[in-house]
Amino acid sequence: MNYLFPLGAVLIFAGNNVVNRLAVGVLHPAEIGFYRWLLAGLLLTPFMVGSLRRHWGEVRPHLGRIVVLGLLGMAVYQSLAYYAATLTTATNMGIILSLMPMMALGLSIAVLGTPLTRGASVGALVSLAGVLLVVSGGDPAALLHQGVNGGDGMMIVATFAYAVYGVLLKRWRPPVPPLLLLYLQVLVAIVFLLPLLLISPKQGASLAALPLVLYAGLLASMVAPLLWMASIARLGPGRTSLFFNLLPVLTALIAAWLLGERLTGALFLGGSLILAGVLIAELWTRPWRQ
């Protein structure tokens with residue numbers, strides 16, 4: 001039963017990659033990026049005001065760090081993903097996002113002083129080969145002439161931003177309840193995404209936009225993070241993080257079903273290499289110095 005928590009979270013995250021694509025032509029990226037967090041903020045506020053008052057003494061010294069976390073994890077990451085969805089496929093987005101654990105591991109080595117392991121070194125090379133296959137469409141040599149697709153490039157930057165967020169969250173985590181920390185980061189996203197909304201083109205509200213905003217604002221912004229936190233409490237961070245490796249597979253299956261995206265040999269091989277690299281890094285933990 002405990003495994004339903006991480007499985008549910010990853011399934012929602014995978015579905016959100018497809019929602020990013022479904023939003024193209026229905027809502028401008030700045031619109032859905034802002035409205036999802038506004039909805040989450042409005043729904044959470046009645047339940048979190050009291051908690052914020054009780055814990056304000058612990059929150060206040062960490063406000064600067066909370067702002068940085070909210071910018072990276074909520075505003076920058078998800079906004080870039082919405083813009084990337086206008087230029088690339090949901091399948092590519094899911095595959096590139098699966099690089100996040102590898103990026104986080106590299107940052108942990110550089111920032112937190114985590115020992116460099118043999119698995120991390122080998123896994124990074126294997127995952128890099130997979131990324132090159134995915135972003136080049138199976139022809140890495142073409143990157144020398146054409147460069148990286150703009151959507152894939154933005155998704156790589158978005159994934160790196162989320163990896164930085166994860167590392168900083170581990171290093172800075174304020175001594176406040178997880179749900180309150182999530183709420184504060186949602187507020188940061190609302191404040192900083194409002195100017196982007198105001199200066200961006202508008203496509204306006206519609207019946208087609210409503211289920212997309214509801215999915216992003218309710219399931220992806222609130223339910224999935226709570227399921228993920230519950231999984232960490234029950235299974236531990238290590239076992240929970242392994243379920244993240246299901247993200248590209250689930251994204252590809254949902255995208256093929258709802259969007260008709262085709263799974264090519266290059267996507268299959270590239271995604272397999274990325275996953276293999278992540279697993280090598282997570283399972284082969286012997287440091288080089290031994």
Determine whether S231 is surrounded by 18 or more Cβ atoms within 10 Å (Cβ to Cβ) and within 21 Å of the chain's Cα centre (by Cα).
yes
Of a type outside the set (D, E) and touching a Phe, Trp or Tyr at 6+ places or on another chain (Cβ under 7 Å): does that describe Y77?
yes
Answer yes or no: is there a residue in the range 192-215 that is aliphatic (A, V, I, L, M), in contact with a Phe, Trp or Tyr (Cβ under 6 Å, 6 or more places away or on another chain) and under 18 Å from V49 (Cβ atoms).
no
The residue from L275, L253, L263 that alone is out of contact with any Cys (no Cβ under 6 Å at 6 or more places or on another chain), modelled with pLDDT under 80 and under 26 Å from V26 (Cα atoms) is L263
Within the range 262-279, of all residues that are within 16 Å of V135 (Cα to Cα) and under 21 Å from the mean Cα position of the chain (by Cα), the one surrounded by the fewest Cβ atoms within 10 Å (Cβ to Cβ) is F268
Being assigned to a helix (DSSP H, G or I), under 16 Å from the mean Cα position of the chain (by Cα), touching a residue at least 60 places away in the same chain (Cβ under 8 Å) and over 27 Å from V24 (Cβ atoms), is that true of even one residue in the range 206-218?
no
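Okay, residues lined up against (1) modelled with pLDDT of 90 or more; (2) surrounded by 22 or more Cβ atoms within 10 Å (Cβ to Cβ):
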residue: G119; (1), (2): no, no
residue: A124; (1), (2): no, no
residue: V131; (1), (2): no, yes
residue: D139; (1), (2): no, no
residue: L144; (1), (2): no, no
residue: F160; (1), (2): yes, no
residue: V186; (1), (2): yes, yes
Does the range 38-47 contain any residue that is at pLDDT below 95, farther than 24 Å from L197 by Cβ and among the hydrophobic types (A, V, I, L, M, F, W, C)?
yes
Tell me, which helices (runs of 4 or more DSSP H) lie completely within the range 5-114 with 1 or more residues that are aromatic (F, W, Y)?
29-54, 56-59, 77-84
Subset of the range 219-228, residues surrounded by fewer than 18 Cβ atoms within 10 Å (Cβ to Cβ) and in contact (Cβ under 8 Å) with a residue 60 or more places away in the chain, comes to V223
Could you tell me how many of the residues in the range 255-290 are more than 14 Å from V126 (Cα to Cα), of a type outside the set (A, V, I, L, M) and in a loop (DSSP other than H, G, I, E, B)?
9
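The values are calculated or read from the model by the stated rules, or taken from the named source; none is laboratory data. Predicted model only: the values in this text are computed from it and were never measured. Using ideal geometry, Cβ is built from the backbone for each residue, glycine included, and neighbour counts are taken over all protein chains shown.
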